[in-house]
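For reference, the structure is listed below as C-alpha cells.
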Amino acid sequence: MVAYLFPFVDLLLKELLLFASICFLIGALDEIAFDGLWIAHVLKRKYTVYSKYPKATVESLNRAEADELPGALAIFVPSWQEAPVIGAMIKRCLKQWEYPHFRIYIGCYPNDPETVRVAAAASADTEKVRLVICHQDGPTSKADCLNRLWQALCQDEISESLRFKAVILQDAEDLVHPGALDLFDHLSDRASLVQLPVVPRRAINSRWVAGHYGDEFAELHGKQMVLREALGVSLPSAGVGSAFSRDALGRLAATTGSKPFDATSITEDYELGLHLTEGRARGIFARLKDGKGELVATQEFFPDNLEDAIRQKSRWITGIALSGWDRLGWKQCWRENWMRIRDRKACFAALVLAIGYIAVVLTGLLEAARLAGMYQPQPFSWQLKMLLIGNAGFLVWRLALKAWFVFQLYGLAEALFSVPRTAVANWINILAARRAILHYMRSLDGSPLRWEKTQHFHPLSAEVRTLKRVSPSARGDG
C-alpha cells in the first residue's frame with residue numbers, strides 16, 4: 001500500500017521544489033540588487049571621501065565643536081519588572097557618561113514596587129535621574145509608558161525653564177557606549193532620528209538561540225541600515241540607541257494629544273522612526289568608532305531560549321509585516337516601497353522556507369525508498385535543475401556575506417557558527433510567523449493587538465560572548 005504513495009510523493013516533491021525555487025530566485029535577485037548597491041556605496045565612500053579625509057571618531061567630533069555648548073539630552077527607560085537590571089544600568093550610565101547635560105527618565109508602575117525601590121536606591125544621590133510613576137498599573141504597552149515620560153519631560157521644561165535637544169530611547173538592560181551622548185548631541189541638529197548600531201550579546205550557554213540575533217543584526221546594522229540612509233528613504237528606529245529630535249517629537253505630540261508614541265501599535269518605535277524621517281525629514285544611521293577603534297553602539301541582551309525568541313519575533317512580524325502594512329500603507333516612491341516590501345516579506349518568506357524544508361524531508365524519504373529498492377524517483381527536469389543550481393550559488397553568496405559581517409563584529413569562531421545557525425534562525429522565524437499570523441487573524445474581529453514584553457536577564461549574572469571589539473566600560477561592570 002505504501003508503495004502506491006511514492007508516485008504521489010514524487011510529484012508533490014517536484015511541485016514544491018518548483019514553487020520554492022522560483023520564490024527563492026526572486027528573493028535572491030532582490031538581495032543581489034541590494035548587495036550590489038551597498039558594495040557600490042562602500043566603494044564610492046572609500047575612493048571619494050576616505051581617500052581625501054580621515055574617518056571621523058567621536059573624539060574628533062568633540063574637538064571640532066569644542067566652542068559649542070552641548071545640549072540637554074533626555075534618556076527614556078520604560079521599566080516593568082526590571083528590578084534585576086535597572087539598578088546596574090543606572091549606576092553604569094552615571095559612572096561612564098562624562099556628558100554634562102543629561103537626565104535619565106525611568107518609567108515605573110505603582111504595582112511594581114521592587115523596580116521602584118531598586119531604581120530609587122540607585123539614583124538617590126543624583127539629580128540626573130528622575131523616577132516617573134505611570135498613572136495606571138502595569139503592564140501597559142511600552143508606548144504608554146514612554147508617553148508618560150514625555151509628559152514628565154514637558155513638565156520639567158516648564159518648571160525649570162529649559163529645553164531638551166533630543167529624546168533617547170534605551171532599555172533597562174542596555175550597555176551604552178560612553179561616547180554615545182556626544183555623538184547624539186553632534187547629530188541631533190541635523191536629523192529627526194539618529195540611530196546607533198545595536199550589537200546583540202548573549203549568555204554563553206545560548207550559542208544557537210541568542211546567537212542568531214548577533215548574525216542578523218551584524219548584517220542589518222552593518223549593511224541594510226547603511227544603504228537605507230544612502231538611498232534617502234525613511235529609517236526605522238530600533239527602539240534602543242535611538243535619539244529623536246525633541247522638536248520633531250513636539251510637533252507630532254501637538255497633533256496626538258501630547259502622546260507622540262502610538263500606544264495602539266505593538267512596534268511603536270519602528271513606526272515612529274518611519275513617520276519622523278519620511279519625506280523631506282532626515283534620518284541618520286551613525287556607524288562611527290571611537291579613538292580606540294571600538295564601535296559606538298548599544299549592546300543589548302536578547303532572549304536566550306526558544307519560547308521567548310519566538311514571542312519577541314512574533315511581535316516584530318505582527319507589528320511590521322502585518323499590522324504595519326495596514327497602518328502605514330505604501331508611498332509613491334519606488335525606493336521607499338522597495339524597503340517596505342523588504343520589511344514586510346517575513347510571513348511569505350517563512351512560508352517558502354517551510355515548503356523548502358518539507359521538500360528536503362520528502363527528498364530524503366524518496367532517496368531511502370530508492371536505496372531500499374521500493375521506488376525509483378523520476379529525474380528532475382533541466383529547468384528545475386538550473387533553478388536548484390542557481391539558488392545553491394545564491395545561498396553560498398548569502399551565507400558568505402553574512403559570515404563576513406559576523407566576523408567583523410564577533411570574530412572567526414562566531415562567523416563559522418553563523419552558517420549552521422542559519423537553520424536555527426529559519427525555524428525560529430517560521431514558528432514566529434505562524435504565531436504572528438494567528439495573533440493578527442484574531443485581531444481582525446476588532447479586538448486590539450496585545451503588546452508582549454520581552455523578558456530581560458541581568459547582564460552581570462550571565463557569562464556573555466566576548467565581542468571582537470568591546471569597550472571595557474561596556475562589559476557590564478559598575
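The values are calculated or read from the model by the stated rules, or taken from the named source; none is laboratory data. Values in this document were obtained by computation on a predicted structure and should not be read as measured data. Backbone-built Cβ (ideal geometry, glycine too); neighbour counts: all protein chains shown. Please note that ligands, DNA and RNA were not included when accessible areas were found on the heavy atoms of the full protein model with its side chains. Shrake-Rupley method; radii C 1.70, N 1.55, O 1.52, S 1.80 Å.
Only the Cβ atoms of Lys and Arg (+1) and of Asp and Glu (-1) were treated as charged; on that basis the dipole of the chain about its Cα centre amounts to roughly 1180 debye.
Based on every Cα atom in the chain, Rg and the maximum pairwise Cα distance Dmax equal 24.2, 86 Å. Separation of region 1-30 from region 95-162 is 55 Å, based on Cα centroids. Two numbers describe the Cα atoms of region 34-181: Rg and Dmax, which are 19.1, 58 Å. Measuring nothing but protein heavy atoms, the accessible surface of region 126-203 at 1.4 Å probe radius is 46 percent carbon and sulfur. If I fit a long axis through the Cα atoms of helix 306-317 and take the longest principal axis of the Cα atoms of the chain, what angle between them do I get, 0 to 90°, rounded to 10? Value to nearest ten degrees: 80.
Charge dipole of region 287-396 (Cα centre as origin; +1 on each Lys and Arg Cβ, -1 on each Asp and Glu Cβ, all else neutral): 480 debye, rounded to the nearest 20. Rolling a 1.4 Å probe over the protein heavy atoms gives the chain an accessible area of 47 Å² per residue. Here the spin labels are modelled as points 7 Å beyond Cα on the Cα-Cβ line, and at TRP382 and ALA368 they lie 3.4 nm apart.
Here is how the number arises for the chain: DSSP H runs of 4 or more residues each give -39500 (n - 2.57), the sum is divided by the residue count, and the result at 222 nm is -17500 deg cm²/dmol. The stretch between TRP338 and HIS101 holds 81.3 nm of extra length on full extension. This uses 0.36 nm per residue minus the Cα-Cα distance. The slack in the chain from SER51 to ASP125, taken as 0.36 nm per residue of separation less the alpha-carbon distance, amounts to 21.8 nm. Rounded to the nearest whole Hz, the Karplus-based 3J(HN,Hα) values (6.51 cos²θ - 1.76 cosθ + 1.60, θ = phi - 60°) of region 156-172 follow the sequence 5, 4, 6, 6, 9, 6, 10, 9, 6, 8, 7, 10, 10, 9, 9, 9, 5, with x at glycine and proline. Using the empirical formula 2.2 N^0.38 Å as the baseline, the Cα radius of gyration of region 287-347 reaches a ratio of 1.56. Given R₀ = 51 Å, FRET efficiency for ALA281-LEU5 by Cβ-Cβ distance, to 0.05? FRET efficiency, ALA281 to LEU5: 0.30.
Applying Stokes-Einstein at 20 °C and 1.002 mPa s to the Kirkwood radius of region 2-49, computed over alpha-carbon pairs, gives a translational diffusion coefficient of 155 µm² s⁻¹. Relative contact order for region 29-151: 24 percent, from Cα pairs under 8 Å spaced at least 6 residues apart, divided by residue count.
Amide H to amide H, with H built 1.01 Å from N, PHE102 comes under 5 Å of LEU73, counting only residues 5 or more places away or on other chains.
Simple spin-label estimate for ASP35 and LEU412 gives 2.3 nm between the two label positions (7 Å along the Cα-to-Cβ direction from each Cα). Built from the Cα atoms of region 217-360, the convex hull projects on average onto 11.5 nm², one quarter of its surface area.
If one takes the longest principal axis of the Cα atoms in the chain, at what angle in degrees, from 0 to 90 and to the nearest 10, does the Cα axis of helix 113-122 lie? Helix 113-122 and the main axis of the chain meet at about 60 degrees. In region 134-275, a dipole from Cβ-located charges (positive for Lys and Arg, negative for Asp and Glu) runs towards its positive end, and of PRO236, ALA210, GLN224 it is GLN224 whose Cα lies farthest in that direction.
The alpha-carbon of LYS385 sits under 16 angstrom from the alpha-carbons of these aspartates and glutamates, leaving out residues fewer than 8 places away in its chain: ASP10, GLU15. Checked against a 28 Å cut-off, the cross-linked pairs LYS46/LYS292; LYS55/LYS402; LYS292/LYS345; LYS44/LYS142 give Cα-Cα distances beyond that limit for LYS292/LYS345; LYS44/LYS142.
Residues in region 231-245 carry Karplus couplings, in order, of 7, x, 9, 5, 10, x, 7, 7, x, 9, x, 10, 10, 9, 4 Hz; the curve used is 6.51 cos²θ - 1.76 cosθ + 1.60 with θ = phi - 60°, and Gly or Pro positions show x. Taking θ as phi - 60° and the Karplus parameters 6.51, -1.76 and 1.60, the scalar couplings of region 422-434 work out to 4, 5, 5, 4, 4, 5, 4, 5, 5, 5, 5, 5, 4 Hz in sequence order, x denoting glycine and proline.
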